[in-house]
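In what follows, a single structure is set out as structure tokens and then discussed.
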Amino acid sequence: MNYFADERRAAIGRTVIVAVIVVILVIGAAAGVYLSTRSTSTTTSTTTGTTSSSSTSTGTGTTINTLTVDDETWPTGDLNQLNAIGAIPYPDWLSYSVYQSLVTVNGSELYQNGTLSLEPMLATSWNASSSGTTWTFYLRHGVTFSNGDPFNAYQVWGELYGFYYLSANTSGWAVGYDVFNMNTTDFGPSTLALMSSTDSQMITPTAQMLSVMENSSWPIYVINQYEVGFNLKAAFQWFPQMWVQFTGLMFDTQYVLNNGGFGTPAAYNTNFNYNPIPGTGPYEVTNVVPSSSVTFTQVSNYWGDNWTAAEIQANPYVDPGHVKTIVVTVQSDDATRYVDLSSGSAYIAPILSQDWQSVISNPSKYSYFTMPNSSANIVGIAMNTQRYPTNNTDFRLAIAYAINYTQISDDVFLGTEGGGLTPMMGPEYPTFSELYDLGNLAPYSYNVALAQQYLKESGINTASLSPMQFAVIQGCTTCESTAELVVSDLSAIGIPATVDVVTPSQYGPPLVAGSGTYAEEVNESSTIANLMWFGTATFAPDEPTPADSLLTWVSNETSANNWAIYSNPTVQKCIDDLTNGASQSTLISDCTAAQQTITNQAPYIWLGSVKLFFGGGSIVYNNNVIKSFLPDPVFSGQSSTAILNTVEFVNGQDE
């Protein structure tokens, strides 16, 4: 999602929402989810991790020289990859087509049967020491950025420490994953000055620069030109998965240093907002019209140009692409995007609930993505555990049992039109089966009698309770529709609430980043909404690990995204186990207890996992022209449209 303006997932830099009492959440699919493609006809064909159409049309045979793709919103963070430290840009149209990752997930086997399949990209392989605390990544030889600069271990080292510097040297700089002991690092302005002292330190470093890079007491160090070492403070079994997107996407650090540097923690270098840093992918950005469009052109020196069809099928995100030019345009109006799709002005576009019926009524022309049952695209409500009245556990449970989940699934998330919600239990994403619902807990259900019982036990006199505002992001139709149904359900048991549509600027983080303390505004009842939509309609993990939701949703050390402003010692024990090297049996035991505690205390209400890419709609494509494509590896976590270089055509063109 650019999740302020639409109905999709937004990571938005792990900073969202002012102190709230209730926030509806939707969490986008994690990397590795098994993606089926759904044609709208009754004879739908599905494939693993790619799109396919049941249409019998073979297309016109006309070569497409320029592929036009509509999207709903301009990226938050513009096109500046320095913003990846904050889990933006979003949507990142440059993901994989321009910026490639060290590690990816096999797009042909994404979470099929809940199994994560990691694949090499810029790192050909990796291994861990017997203790699990030292990792070595072996980088691909002969790779260059689009401007000709070589990709190597020096470039990786420079980028990652650049992110560390931009974080103001915080330990959780890698999108919240606090796995490094950064206290052994002495990185700051003097190191940056050394990196900038020649115009090729990240290509052919001097002896002085090498002595810094090769210091193996630091958490990240260079072993040689094509090997990078990582020292962790404790074993973290999902470490390779940390580099699938965001801070794992590689750019030309030397180019950054030669064009003004990283900037400062308070002000990133904005030179790259509309002049993107070169990447190693098959496309480069050749034209930018701010807030309107971006043009991508195939590069002539892409390292994967000579890959065989079999190699690409096994690792499809490396695909060199099948069209010379791609233009992504911003069309904020759903009706306009549908007109573009129907007229051939665009071949791929997000179509939401407003025009969904037009899509499903024309299966001979349109196909769309659906999610698997065990996806990481979830919808839910987060309740501010620090403010009256939702600081009362029984009151929160009353809300949990007052909601008609089936009605929300059918009426808002198009359950009767190819979509809907699958019941689930959080906070773990259903995809990560090793930590999902360890206690076999039953999801909250619609039970008015039980809701009334909990309301009575709360001791709260709803007759004297001021109406709680259910604030939703302006422009998010699924947010507003869900809020209206929840408000109606709460009214039925005597809890007063109203829907309040707010602008993006009225959202902000409830938790002081990384401190475990709450923002001052949390007690200012005059300015804080009591009920709030979490995210928009979909929200994906920042990285495809089972630790992601726990580290961010319910931890007292999160840098943001703890929408409920919730922490508990039993829950924190599970969270700490994730990164302190605890045994698997200890982890399972502690996390089982944590999930039971979370269920009993109801800081979050999990409405279900979504079927459609955006909850109330999906990525739609003209199946007479487009044969297949992949979304990003975390299914709306990185981008809100196709990964551009994976788009294949019905006529089999390879321009």
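Miscellaneous remarks
- Considering only residues in region 250-265 that are hydroxyl-bearing (Ser, Thr, Tyr) and part of a helix (DSSP H, G or I), the one that is surrounded by the fewest Cβ atoms within 10 Å (Cβ to Cβ) turns out to be TYR255.
- Residue satisfying all of: in region 156-187; small (Gly, Ala, Ser) and on the phi > 0 side of the Ramachandran plot; surrounded by the fewest Cβ atoms within 10 Å (Cβ to Cβ) among these: ALA168
- Test: TYR446 is touching a helix residue (DSSP H, G or I) at 6+ places or on another chain (Cβ under 8 Å), surrounded by 15 or more Cβ atoms within 10 Å (Cβ to Cβ) and under 21 Å from GLY415 (Cα atoms): yes
- Filter result for SER332 (outside the structural domain of TYR446 (by TED's automatic domain parsing) and modelled with pLDDT of 95 or more): no
- Residue match in region 305-312 (condition: in contact with a strand residue (DSSP E or B) (Cβ under 7 Å, 6 or more places away or on another chain) and aromatic (Phe, Trp, Tyr)): no
- Condition check for GLN331: out of contact with any Phe, Trp or Tyr (no Cβ under 8 Å at 6 or more places or on another chain), touching a residue at least 12 places away in the same chain (Cβ under 8 Å) and closer than 30 Å to LEU116 by Cα: no
- Meets criteria (within 25 Å of the chain's Cα centre (by Cα), at pLDDT 95 or above and over 17 Å from TYR444 (Cβ atoms)) for ILE598: no
- Residues in region 278-303 that are in a loop (DSSP other than H, G, I, E, B) and within 26 Å of the chain's Cα centre (by Cα): PRO278, GLY279, THR280, GLY281, PRO282, PRO290, SER291, SER292.
- The single condition among (1) surrounded by fewer than 14 Cβ atoms within 10 Å (Cβ to Cβ); (2) of a type in the set (Gly, Ala, Ser); (3) more than 26 Å from SER636 (Cβ to Cβ) that SER291 does not meet is (3).
- Selection count, region 384-402, where residues are crowded, with 21+ Cβ neighbours inside 10 Å and either of a type in the set (Ser, Thr, Tyr) or closer than 15 Å to CYS479 by Cα (or both): 3
- Selection count where residues are in a loop (DSSP other than H, G, I, E, B), aliphatic (A, V, I, L, M) and in contact with an Asp or Glu (Cβ under 6 Å, 6 or more places away or on another chain), scope region 396-423: 1
- Listed by first and then second residue, the pairs linking a residue in region 479-505 that is under 16 Å from ILE408 (Cα atoms) to a residue that is among the charged types (D, E, K, R) and at pLDDT 85 or above, with Cβ atoms under 6 Å apart and 6 or more places separating them unless they lie on different chains, are VAL499/GLU484.
- Check on ASP149, at pLDDT below 95, of a type in the set (Asp, Glu) and closer than 20 Å to THR247 by Cβ: no
- Residue that is nearest to the chain's Cα centre (by Cα) [pool: residues in region 317-347 that are surrounded by 23 or more Cβ atoms within 10 Å (Cβ to Cβ) and part of a helix (DSSP H, G or I)]: TYR317
- Across region 266-277, the number of residues qualifying as assigned to a loop (DSSP other than H, G, I, E, B) and touching a Leu at 6+ places or on another chain (Cβ under 9 Å) comes to 6.
- Just one residue in the set LEU455, LEU441 is assigned by TED's automatic domain parsing to the domain that holds ILE378, modelled with pLDDT of 95 or more and closer than 17 Å to MET383 by Cα; that residue is LEU455.
- Scanning region 348-383 for residues that are part of a helix (DSSP H, G or I) and modelled with pLDDT of 95 or more, we see that the one that is surrounded by the fewest Cβ atoms within 10 Å (Cβ to Cβ) is GLN357.
- Taking helices (runs of 4 or more DSSP H) as the structural unit, those lying wholly within region 540-655 and holding at least 2 residues that are in the same structural domain as GLY426 (by TED's automatic domain parsing) and touching a Cys at 6+ places or on another chain (Cβ under 9 Å) correspond to 569-579, 584-601.
- The condition (being in contact with a helix residue (DSSP H, G or I) (Cβ under 6 Å, 6 or more places away or on another chain), in contact (Cβ under 8 Å) with a residue 12 or more places away in the chain and not charged (D, E, K, R)) is satisfied by just one residue among PRO290, PRO320, PRO278: PRO278.
- Residue match in region 517-531 (condition: under 30 Å from THR406 (Cβ atoms), in a helix (DSSP H, G or I) and either small (Gly, Ala, Ser) or at pLDDT below 95 (or both)): no
- Considering residues of region 127-155 that are small (Gly, Ala, Ser) and buried (at least 21 other Cβ atoms within 10 Å of the Cβ) only, the residue nearest to PRO282 (Cα to Cα): SER146
- Test: residue in region 559-567 that is under 25 Å from the mean Cα position of the chain (by Cα), free of Cβ contacts under 8 Å to residues at least 40 places away in the same chain and farther than 23 Å from SER458 by Cβ: no
- Close pairs (7 angstrom Cβ cut-off, 6 or more residues apart or separate chains): at pLDDT 95 or above in region 297-308, surrounded by fewer than 21 Cβ atoms within 10 Å (Cβ to Cβ) and among the hydrophobic types (A, V, I, L, M, F, W, C) anywhere: TRP303/VAL143
- Among the residues making up region 188-208, those that are surrounded by fewer than 22 Cβ atoms within 10 Å (Cβ to Cβ) and among the aliphatic types (A, V, I, L, M) are LEU192, ALA193, LEU194, ILE203, ALA207.
- Single residue of region 449-484 satisfying the filter (hydrophobic (A, V, I, L, M, F, W, C) and surrounded by fewer than 16 Cβ atoms within 10 Å (Cβ to Cβ)) that is farthest from GLY616 (Cα to Cα): ALA463
The values are calculated or read from the model by the stated rules, or taken from the named source; none is laboratory data. All figures in this text were calculated on a predicted structure; none of them were measured in a lab. Every residue, glycine among them, receives a Cβ derived from its backbone with ideal geometry; neighbour counts consider all protein chains shown.
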